[in-house]
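Here's the structure, in structure tokens; my notes come after.
All of the numbers you see were taken from the coordinates with simple rules; none came from a lab. Given the structure is predicted, the values throughout are model-derived calculations rather than measurements. Heads up, the Cβs are rebuilt from the backbone with ideal geometry, glycines too, and the neighbour counts pull from every protein chain shown.
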Amino acid sequence: MSTDRITAITKANQPLLSFLSIWEEHRGRPDIGDFAFGNPQEMVIDGYPAALANATVPGDKNHYAYKFSEESSRREVAAYLTEWRGQQFDPDDIAMTPGAFGAIATALGTLVDVGDEVLYSDPPWFFYEAMIIAAGANPVSVPVRAEDHDLDLDRIAGALTAKTRLVIVNTPHNPTGRIYPPSTLAALAEILTDASERFGRPIYLLSDEPYSRLVFSGNEFSSPAAYYPYTLISYSYGKILLTPGQRVGWVALSPDMPGREELRSDIFMAQIAGGWQFPSAIMQYSLPALHGLSVDLDELERKRDLFVGALQEAGYDLQTPQGTFYLWVRSPDPDDAAFVGRLAERGVLVLPGSTCAVPGYFRITFTATSDVIERNLPVFREAISG
């Protein structure tokens with residue numbers, strides 16, 4: 001990778017790097033309320049250690065050999081997706097990856113060339129821009145609608161050019177928690193279809209769906225793959241299981257994807273060239289057991305409601321997320337980094353919105369225990385009152 005690209009990547013992530021120094025300084029304190037990242041703050045869910053332990057027992061001499069996307073893993077994921085999504089997924093259209101990180105890197109390595117444009121929404125997951133730059137493409141961001149955090153379809157349509165190769169949609173959305181409804185996804189599909197015809201080549205869509213099982217009551221998840229044939233799906237098990245350190249996920253082609261045979265081989269070569277983007281043997285063997293596991297969604301929803309109710313009562317401006325485990329909150333101080341710094345001095349860590357390219361907000365992750373949340377709510381009340 002060129003020095004210029006490294007410099008651009010560092011510049012894009014400078015707000016995050018600055019915050020990480022604060023996080024490292026404070027997170028070891030015994031009294032800290034850490035709401036910055038989606039790390040587990042209590043013991044792993046029942047069944048997870050056993051799933052991995054059972055997968056370590058060798059069935060033959062090749063148990064620990066080099067692994068690509070194992071046929072058993074692909075069949076498992078395809079059957080799971082077919083039952084879950086109501087579309088017939090082919091095992092050959094599933095590529096196993098080390099989490100959604102690996103899936104996104106593989107999709108970029110497969111589809112984009114130097115000088116292509118990749119479009120995504122602001123606020124984004126903070127590594128989209130860096131990964132796009134690393135792939136040699138140009139990042140183009142479009143803000144979501146302020147009033148409801150839905151995709152701004154008019155702005156997306158206006159941002160598409162002959163250089164646009166890929167559009168990334170993250171639903172449920174980190175950090176706002178918005179789930180894009182079928183009406184939005186159908187309209188987006190029409191926009192992308194028209195633009196692809198106008199520019200003479202397909203614009204692909206990467207549906208980044210690591211939170212697609214983290215959906216709260218009264219809401220339903222829909223995948224863009226059900227509306228637009230040129231869709232790839234990226235997924236990670238680290239969110240629903242709250243085990244981000246164990247890297248396993250996949251990238252899947254939509255069942256309606258044209259030219260799938262060529263893309264299958266291109267994805268395989270992108271995984272190899274991208275630094276062996278395949279999960280470990282143990283993580284692949286554990287999949288059948290992992291599919292039946294989940295964090296306690298009812299408890300997560302109770303923590304969401306506890307946080308949202310207390311913050312709104314205190315005067316914070318935020319919307320109730322439909323999914324994920326994040327709250328996207330307007331900072332009382334337009335200088336979000338300064339406000340986050342004041343919270344850190346009081347023993348509370350949250351992520352400044354500037355790390356997600358949208359200053360004036362901050363993100364709360366509510367994976368902490370209810371006791372930790374309740375203990376730190378007074379800090380939020382004190383901070384907003386000065």
Counting Lys and Arg as +1 and Asp and Glu as -1 over every other residue whose Cβ sits under 12 Å from the Cβ of residue 295, the net charge comes to -3
Net charge of Cβ neighbours under 15 Å - reference residue 59; Lys, Arg +1; Asp, Glu -1: -1
Can you list residues whose amide H is under 5 Å from residue 206's amide H, if they're 5+ apart or on another chain and H is modeled 1.01 Å from N? 167, 168, 169, 232
First check a/c for region 272-317, with a ≥ b ≥ c the square roots of the eigenvalues of its C-alpha gyration tensor; if it is under 1.5, answer rounded, and if not, answer prolate when a/b is larger than b/c or oblate otherwise. oblate
In whole Hz, what ³J(HN,Hα) sequence does region 252-258 give by Karplus (6.51, -1.76, 1.60; θ = phi - 60°), x for Gly and Pro? 10, 7, 4, x, 9, 5, x
Environment charge at residue 248 (Cβ cut-off 15 Å; Lys +1, Arg +1, Asp -1, Glu -1): +2
The chain - Debye-derived log10 I(q)/I(0), Cα point model, q = 0.06, 0.08, 0.11, 0.14 Å⁻¹: -0.23, -0.41, -0.80, -1.30
quick note, region 48-290, DSSP beta bridge pairs, % antiparallel (nearest 5) is 35 percent
